[in-house]
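In what follows, a single structure is set out as structure tokens and then discussed.
The values are calculated or read from the model by the stated rules, or taken from the named source; none is laboratory data. Since the model is a prediction, treat every value here as computed from it, not as a measurement. Because the Cβ atoms are built from the backbone with ideal geometry, glycine has one as well, and the counts that use them run over all protein chains shown. Ligands, DNA and RNA are excluded from the accessible area calculation, which covers all protein heavy atoms including side chains. Shrake-Rupley method; radii C 1.70, N 1.55, O 1.52, S 1.80 Å.
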Amino acid sequence: MHISFLIHNAYGIGGTIRTTYNLASTLAEHHDVEIVSVFRHREEPVFAPGAKVRLRHLVDLRKGTPGYEGDDPEYERPAEVFPRSEGRYKQYSALTDRRIAEHLRSLESDVVVGTRPGLNVHIAQQARRGVVRVGQEHLTLSTHSPQLKLTLRTHYPRLDAVTTVTEADAATYRKLMRLPGVRVEAVPNSIPAPALAPSDSTGKWVVAAGRLAPAKRYDLLIRAFEKVVAERPDWRLRIYGAGAERAKLRAQIDKRGLYNHVYLMGPANPLEAEWVKGSVGAVTSSLESFGMTIVEAMRCGLPVVSTDCPHGPGEIIDNGVDGLLVPTGKVDGIAAGLLKLINDDELRARMGRAALESSARFDPERVAGRYDELFTDLVSRGGLRGSLHRTRGALLSSALRTKDKSRAALRRTGAA
């Protein structure tokens with residue numbers, strides 16, 4: 001089976017890039033797999049795609065190289081196919097519209113997989129007939145704007161399948177989106193087992209990792225750790241990552257006199273060597289579409305104290321068994337969860353062992369096996385089934401658009 005992934009930028013850093021590489025390299029053990037990156041901005045990718053995975057790009061943004069296309073006149077004109085309501089819209093252009101269309105219409109693969117909503121829209125409209133079309137959701141439906149949801153509802157019926165990273169988001173898709181004939185499946189992201197020995201739970205470090213962004217709520221973690229330090233001054237916190245919140249968090253640490261206890265470590269890749277130095281992982285997000293850092297920490301033998309935010313933590317952590325779920329946005333709850341593990345060496349070690357065992361379900365072999373079954377089933381049903389359900393989906397989408405326009409007209413006239 002020939003499988004082609006279409007990704008925004010395979011040369012950058014991010015959870016979608018990592019999990020795409022993990023999945024592609026594992027599938028490549030039994031299939032012909034390629035990753036097609038819309039953009040290329042550096043010479044080599046940060047993550048290794050695997051020796052058996054082909055990597056290529058559609059638009060070259062490497063300044064100073066012979067292939068640089070950032071000054072192409074088409075690159076200055078706005079995109080018309082990539083949805084305006086998509087978060088990455090400003091990075092797309094008439095040039096990307098044309099390159100993606102050319103790629104999809106000439107594609108010889110059995111399966112094409114999109115990795116973000118805007119690319120899934122391209123695939124729904126432009127992939128040649130007979131190719132199985134799969135759209136991945138790496139965020140959540142609830143985080144998309146009403147305009148983007150309407151766009152997806154219009155075009156997604158032309159896909160064969162949509163995958164989400166949590167069961168909760170799959171349920172939301174099934175309930176709120178009208179996708180006749182489209183399979184909606186929850187398949188988690190995959191994290192490989194680290195090459196290092198797991199944490200021995202004796203290091204007096206709490207470890208957190210991720211973008212220094214408002215949604216991660218590291219401000220709450222720092223305030224909670226101030227309470228931890230008051231009771232256990234022998235413990236310290238390391239936060240790995242980069243982002244716009246760094247200066248604000250640095251000022252908060254200094255203001256609270258925590259500069260000898262809380263450290264902003266900057267980005268680290270790979271992170272396994274940093275996780276195993278710690279004994280407890282911490283996640284204080286207000287929203288997690290999945291929670292890759294939770295799984296990363298667990299695969300290194302750390303129990304994680306995480307806010308029970310939508311959508312991922314509750315599906316990853318078995319509360320009280322391999323980690324702790326605490327109320328979202330509550331400093332006292334976060335502090336209490338951390339202290340529970342810090343003050344009980346036996347409990348911390350036992351939960352760490354349980355975390356190591358339970359997180360094996362996110363191994364790339366297991367996750368790739370689920371995708372393999374999905375792709376094989378869709379391919380075996382052939383182009384006839386796909387063309388029939390896409391025709392039905394297109395007709396229904398047209399009817400829905402007409403109905404929505406009628407409702408809007410009625411609202412404007414005050415008749416509804």
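A few points about this structure:
- Within segment 34-52, being within 19 Å of Glu108 (Cβ to Cβ) and either polar (S, T, N, Q) or open to solvent by 90 Å² or more (accessible area, probe 1.4 Å) (or both) holds for Ser37, Lys52.
- Set Arg238, Arg183, Arg217, Arg250: member being surrounded by 15 or more Cβ atoms within 10 Å (Cβ to Cβ) and either in contact with a Leu (Cβ under 8 Å, 6 or more places away or on another chain) or modelled with pLDDT under 95 (or both): Arg183
- Test: Thr151 is hydroxyl-bearing (Ser, Thr, Tyr), touching a helix residue (DSSP H, G or I) at 6+ places or on another chain (Cβ under 7 Å) and within 27 Å of Ala48 (Cα to Cα): no
- Every pair of residues 6+ apart whose Cβ atoms lie under 7 Å, when the first sits in segment 235-263 and is farther than 18 Å from Val206 by Cβ while the second is open to solvent by 60 Å² or more (accessible area, probe 1.4 Å) and among the basic types (Lys, Arg): Gly243/Arg211
Residue-by-condition table, conditions (1) touching a Ser or Thr at 6+ places or on another chain (Cβ under 7 Å); (2) over 17 Å from Leu6 (Cα atoms):
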site	(1), (2)
Phe82	yes, no
His103	no, no
Ala127	no, no
Glu137	yes, no
Ser142	yes, yes
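- All conditions in (1) in contact (Cβ under 8 Å) with a residue 24 or more places away in the chain; (2) open to solvent by 10 Å² or more (accessible area, probe 1.4 Å); (3) of a type outside the set (S, T, N, Q); (4) touching a Phe, Trp or Tyr at 6+ places or on another chain (Cβ under 8 Å) hold for Ala94, with the sole exception of (1).
Conditions (1) buried (at least 24 other Cβ atoms within 10 Å of the Cβ); (2) outside any strand (DSSP E or B), marked per residue:
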residue: Gly281; (1), (2): yes, no
residue: Ser286; (1), (2): no, yes
residue: Phe290; (1), (2): yes, yes
residue: Glu296; (1), (2): yes, yes
residue: Leu302; (1), (2): yes, yes
residue: Cys309; (1), (2): no, yes
residue: Asp332; (1), (2): no, yes
residue: Leu341; (1), (2): yes, yes
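- Some residue of segment 192-206 being open to solvent by 20 Å² or more (accessible area, probe 1.4 Å) and in a strand (DSSP E or B): yes
- Within segment 128-159, the set of residues being open to solvent by less than 10 Å² (accessible area, probe 1.4 Å), of a type outside the set (Ser, Thr, Tyr) and part of a loop (DSSP other than H, G, I, E, B) comprises Val131, Leu159.
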